[in-house]
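Undergrad: This is the structure, below, for whatever I ask next.
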Amino acid sequence: MSYALSRLGPARLAHGAYAQATFARNPNTTLLLGSDFPVEPPSPLRGIYAAVTRLDPETGESPHGPGGWYPEEKLSFEEALAGFTRDAAYGAFQEDRAGSVEVGKWADWVVVEEIEEGIEIGKGIVKETWIGGKRVY
């Protein structure tokens, strides 16, 4: 958010860069979300927060004020979660092995402390991490 205008320019921002809701709601596209560290924070929880609020997860602010950066592109919590899980697995050609909790899949997930649904997820603390159905943290 903080440097997109200077790096991409107004035309690219106005015509599709970071147009997350536009992509998520188009039946002909799949929105893949992830952490492009070091550009974005490596935490998916903070990425979901940013996608839902369009605010910087570090500061809670945006270049466009408290309503968020291009607020018309805010995702719902469900859209953001799908972008980081099911849709990301699809984008990696792993939808038969990952992206959702189902019989026969890798069984990778995290347990997050109880939080308010939606924008509060950026403040969530991971209590457990499971990989391949085994608790590793």
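The values are calculated or read from the model by the stated rules, or taken from the named source; none is laboratory data. Just so you know, these numbers come straight off a predicted model, no measurement behind them. Because the Cβ atoms are built from the backbone with ideal geometry, glycine has one as well, and the counts that use them run over all protein chains shown. SASA here: full protein model, heavy atoms, side chains in, ligands and nucleic acids out. Shrake-Rupley method; radii C 1.70, N 1.55, O 1.52, S 1.80 Å.
Undergrad: What number of residues within segment 99-137 satisfy the criterion of being open to solvent by 90 Å² or more (accessible area, probe 1.4 Å), under 18 Å from residue 48 (Cβ atoms) and touching a Ser or Thr at 6+ places or on another chain (Cβ under 7 Å)?
TA: Adding up the residues that qualify gives 0.
Undergrad: Output the residue which, of all residues in segment 1-21 that are loosely packed, with under 14 Cβ neighbours inside 10 Å and hydroxyl-bearing (Ser, Thr, Tyr), is modelled with the lowest pLDDT.
TA: Among them, the one singled out is 2.
Undergrad: Quick check on residue 40: is it acidic (Asp, Glu), out of contact with any strand residue (DSSP E or B) (no Cβ under 6 Å at 6 or more places or on another chain) and open to solvent by 50 Å² or more (accessible area, probe 1.4 Å)? It would help to see each step written out before you state the result.
TA: Working: acidic (Asp, Glu): yes; out of contact with any strand residue (DSSP E or B) (no Cβ under 6 Å at 6 or more places or on another chain): yes; open to solvent by 50 Å² or more (accessible area, probe 1.4 Å): yes.
Taking the combined requirement at face value, the residue satisfies it.
Undergrad: Six or more apart or on different chains, Cβ atoms under 9 Å: show the pairs whose first residue is in segment 125-137 and closer than 20 Å to residue 100 by Cβ and whose second is basic (Lys, Arg).
TA: Close Cβ pairs satisfying both conditions: 128/135; 129/135.
Undergrad: Something else now. Looking at segment 60-78, which of the residues that are touching a Lys or Arg at 6+ places or on another chain (Cβ under 8 Å) and touching a residue at least 24 places away in the same chain (Cβ under 8 Å) is farthest from residue 17 (Cα to Cα)?
TA: Result: 62.
Undergrad: Of the conditions (1) surrounded by 19 or more Cβ atoms within 10 Å (Cβ to Cβ); (2) more than 16 Å from residue 4 (Cβ to Cβ); (3) among the charged types (D, E, K, R), residue 54 satisfies every one except a single condition; which number is it?
TA: Result: residue 54 passes all but (2).
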